[in-house]
1. Give all pairs with beta carbons closer than 9 Å in which a residue from region 29-56 that is farther than 19 Å from Glu6 by Cβ meets a residue that is at pLDDT 95 or above and among the aromatic types (Phe, Trp, Tyr); count only pairs at least 6 apart in sequence or on separate chains.
2. Taking region 8-23 on its own, how many of its residues are assigned to a strand (DSSP E or B), open to solvent by less than 60 Å² (accessible area, probe 1.4 Å) and at negative phi?
3. Among the residues that make up region 59-78, is at least one of them of a type in the set (Phe, Trp, Tyr), closer than 22 Å to Ala106 by Cβ and modelled with pLDDT of 95 or more?
4. What is the residue count in region 56-107 for residues that are outside any strand (DSSP E or B), open to solvent by 20 Å² or more (accessible area, probe 1.4 Å) and not β-branched (Val, Ile, Thr)?
5. Between a first residue in region 60-79 that is without any contact (Cβ under 8 Å) to a residue 60 or more places away in the chain and a second residue that is basic (Lys, Arg) and outside any loop (DSSP other than H, G, I, E, B), which pairs have beta carbons less than 7 Å apart while being 6 or more apart in sequence or on different chains?
6. Scan region 24-51 for residues that are part of a strand (DSSP E or B), open to solvent by less than 40 Å² (accessible area, probe 1.4 Å) and modelled with pLDDT of 95 or more and jot them down.
7. Name every residue in region 71-120 that is touching a helix residue (DSSP H, G or I) at 6+ places or on another chain (Cβ under 8 Å) and among the hydroxyl-bearing types (Ser, Thr, Tyr), in order of residue number.
8. Testing Gln116 on (1) within 15 Å of Gly9 (Cα to Cα); (2) open to solvent by 60 Å² or more (accessible area, probe 1.4 Å); (3) not in a strand (DSSP E or B), one condition comes back false. Which one is that?
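The values are calculated or read from the model by the stated rules, or taken from the named source; none is laboratory data. For clarity, every value in this text was computed on a predicted model and none was experimentally measured. Glycine gets a Cβ as well: all are built from the backbone with ideal geometry, and neighbour counts include every protein chain shown. All accessible areas refer to the heavy atoms of the entire protein, side chains included, with ligands and DNA or RNA removed. Shrake-Rupley method; radii C 1.70, N 1.55, O 1.52, S 1.80 Å.
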Amino acid sequence: QVQLRESGGGLVQPGGSLRLSCAASGRIFGTNYMAWYRQAPGKQREQVALITSTGSINYVDSVKGRFTISRDNAKNTVYLQMNSLKPEDTAVYYCNAEIVISLDAATWHGWGQGTQVTVSS
C-alpha cells in the first residue's frame with residue numbers, strides 16, 4: 001500500500017512564500033512522475049506542476065516564474081516552492097503520483113489528502 005502525505009500549507013500574505021512537501025511511503029520501486037494539483041472553491045482541479053523521473057518539468061502558465069517543483073528521489077519526496085503568492089493561488093493543493101510498486105513495473109496512481117494554502121492580507 002502506497003500513501004502520499006502532504007505538508008507545508010498555511011496562511012500567507014500576498015507576495016509571501018510557502019514550500020509544500022509530499023512524501024510517498026510504502027512498497028516503492030520508483031516514481032514515474034510526481035505532480036501538484038490545486039482546487040479552489042467552485043473551480044475544477046487543475047495541474048499546477050509535474051516532474052517526471054527523468055527530470056522533465058511542466059508548469060501551468062499562471063505559476064511560471066513563481067513556483068518551482070523539485071524532487072528528492074532518495075526520499076521519494078516532491079516539493080513545491082511557491083514564491084510571490086497571490087490571492088488567486090488560494091486553494092487546496094494535492095499531491096499526485098504514479099509509483100512503481102513491483103519489479104515487473106506494476107504501477108499505483110493516487111492522491112494525497114490535500115493541504116490548504118490561503119493567500120490573504
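1. Between residues of region 29-56 that are farther than 19 Å from Glu6 by Cβ and residues that are at pLDDT 95 or above and among the aromatic types (Phe, Trp, Tyr), the close pairs are Thr52/Tyr33; Ser53/Tyr33; Ser56/Tyr33.
2. Going through region 8-23 one residue at a time, the tally reaches 6.
3. So far as region 59-78 goes, no, none of its residues is of a type in the set (Phe, Trp, Tyr), closer than 22 Å to Ala106 by Cβ and modelled with pLDDT of 95 or more.
4. 20
5. Thr77/Arg71; Val78/Arg71
6. The answer is Ala24, Met34, Ala35, Trp36, Arg38, Val48, Ala49, Leu50, Ile51.
7. Ser120
8. Tallying (1) within 15 Å of Gly9 (Cα to Cα); (2) open to solvent by 60 Å² or more (accessible area, probe 1.4 Å); (3) not in a strand (DSSP E or B), Gln116 fails exactly one: (3).
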